[in-house]
Structure formats: C-alpha cells, structure tokens
Amino acid sequence: MLNLSSECGTVPQQWRRATVTPVPELMKPESVGDYRSISATPVLSRLAEKLVVSKWLLPNIPSETFADQFGFQLSSSTTCALCSCISATSCD
C-alpha cells in the first residue's frame, strides 16, 4: 500500500481521516479554550509520514538548520531545550 501510494503520488482518502477527541486541560472546563484536541490517525498514514520525512525531507535540509531546534528531533527533549537556554543565558 505504501509503495503504491508513493508510485501514484496520492494518499488514499482513508489515510486522511482522523478521529479528534477533545481532552479537558482543567478539572472543570468552562469553555472551548479549556480543551485540547487529540487526533487519532491511521497507522499507515503515520508510517507513510515518517518514511517521507526520513527518506526525502530530512536528507535535503542542511543539518545546521536544526542547530537550535529541539522539537521533532531524535534523542531531544524539553530538558535539552531548557539546558541549552540556561547555558546560553547564564554568566560564566
């Protein structure tokens, strides 16, 4: 299925659908803004996205572009971002 989608250059309609569930951020939500959405997407859709990013997108972006980015990076986290920020702003 993934090969056929890649060869045809199209994504099946079923892969484009997601089930969106509102999850409250507060114990007693009072408005729409008190919710965040969680999207459950098809497994093949997520797999196809990971393949496209790893095989075609990332190899074509210079590595120095991500020097100060922490999101969507393997072995990276909020902790890494905070450590980098503290290191850059602290006095020696």
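Table for the structure above
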| item | result |
| --- | --- |
| Subset of region 6-22 (residues that are out of contact with any strand residue (DSSP E or B) (no Cβ under 8 Å at 6 or more places or on another chain) and closer than 25 Å to residue 38 by Cβ) | 11, 12, 13, 14, 15, 16, 17 |
| Selection within region 56-89 - over 30 Å from residue 9 (Cα atoms) and among the hydroxyl-bearing types (Ser, Thr, Tyr) | 75, 76, 77, 78, 79, 84, 87, 89 |
| Residue among 57, 26 that alone is part of a helix (DSSP H, G or I) and surrounded by 10 or more Cβ atoms within 10 Å (Cβ to Cβ) | 57 |
| Condition met for residue 12 (in contact with a helix residue (DSSP H, G or I) (Cβ under 8 Å, 6 or more places away or on another chain) and either surrounded by 11 or more Cβ atoms within 10 Å (Cβ to Cβ) or of a type in the set (Ser, Thr, Tyr) (or both)) | yes |
| Subset of region 1-18 [within 13 Å of residue 43 (Cβ to Cβ), assigned to a helix (DSSP H, G or I) and modelled with pLDDT under 85] | 2 |
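The values are calculated or read from the model by the stated rules, or taken from the named source; none is laboratory data. Quick caveat, the model's predicted, so the values are computed rather than measured. When we count neighbours, we look across all protein chains shown, and the Cβ atoms used for this are built from the backbone with ideal geometry, even at glycine.
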